[in-house]
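Encoded as structure tokens, the structure appears first; notes follow it.
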Amino acid sequence: MSEPCLRMEVTDGVALVTLDRPPVNALSREMRYQIVATFDAISARDDVRCAVLTGQGSVFCAGADLKDRPDDDVPGDFLEHNRITRETGNAIRECAKPVIAAINGAALGAGLGLAAACDILYASDNATFGMPEINVGLAGGASMLRTLFGRSTARRMFFSGQRLTAADLLRRNVLEEVLPPDMLLPVTLELARDIASKAPLALIYAKRATNMVDVMPQRDAYRFEQEFTLALSKTEDAREARMAFLEKRPPVFKGR
């Protein structure tokens, strides 16, 4: 039986997912499968409304495990490896619930890709960020860099392998906040609990809408959102939210 490479704890509607593959949380193929399974489960669980992704120790994720490469002698192994590599980030990006990254240290290569797949990003002040594939004769991750950085910065990082600090990313408006390491989880979990307190169906629609509007023209995107608003307006939770607001009490949502 495979060893667990990550842990998940659910409290107050929040799933805390911790990458746990010492010493640097490097991504093996098995770990990728576990990440996909975990975030697919989060999508399906009614008791989870928001997730926080972080790493064990002082490294968020050092990237792909270079000792766990595809076998050229096995037909299709490279294609299968590439498929699960793609789906690792997709499982986070397409998760039905919002995902907050609590980046507790270096986020490199595929590790930076994990962070880029999250919806909201926080980091500790000792975190560093890079796409160092070029240093080992490889190239990959430009599509992830472009979701975070402008054209020049993305290409400089991609062509040189240079790292940026958390302060660099804060200055570029990539991160919400840079925090002392001991404050990172308390702050991100507080936000996650606030998000988890919202109407469950509205959160699911909101996550889907934000993913879709990223790739749609503004006119089409707003119409798309309006259709979601119309559908939500007919739910019991929307009526409960309005009544709770008018009655100045906490809402009691039923997810319908």
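With contacts taken as Cα pairs under 8 Å and at least 6 residues apart, the chain reaches a relative contact order of 16 percent.
The shape of region 30-169 comes out oblate: with a ≥ b ≥ c from the C-alpha gyration tensor, a/c is at least 1.5 while a/b does not beat b/c.
Among ALA192, SER58, ILE134, whose Cα lies farthest out toward the positive end of the dipole of the chain, if unit charges sit on the beta carbon of Lys, Arg (+1) and Asp, Glu (-1)? Going by the charge dipole, the pick is ALA192. Evaluated over the chain, the count of Lys pairs having alpha-carbon atoms less than 29 Å apart is 14 (only pairs 8 or more residues apart or interchain). For Cα extents along the principal axes in Å, the value computed from the atomic coordinates appears in the list (1) 51, 35, 33; (2) 59, 37, 34; (3) 62, 45, 40 under label (3). For the chain, the longest principal axis of the Cα atoms and the long axis of helix 29-44 meet at an angle of about 0 degrees. The helix-only estimate of mean residue ellipticity at 222 nm for the chain, built from DSSP H runs of length n ≥ 4 each weighted as -39500 (n - 2.57), is -14500 deg cm²/dmol after division by the residue total. Annotation: the antiparallel percentage among DSSP beta bridges lying fully within the chain is about 30. The C-alpha atoms of the chain define a longest principal axis, and helix 77-93 lies at about 30 degrees to it.
Bear in mind that the values in this text are calculations on the coordinates, not laboratory data. What you see is a predicted model; the values in this text were computed from it and never measured. Neighbour counts are summed over all protein chains in view; Cβ atoms, including those assigned to glycine, are modelled from backbone coordinates with ideal geometry.
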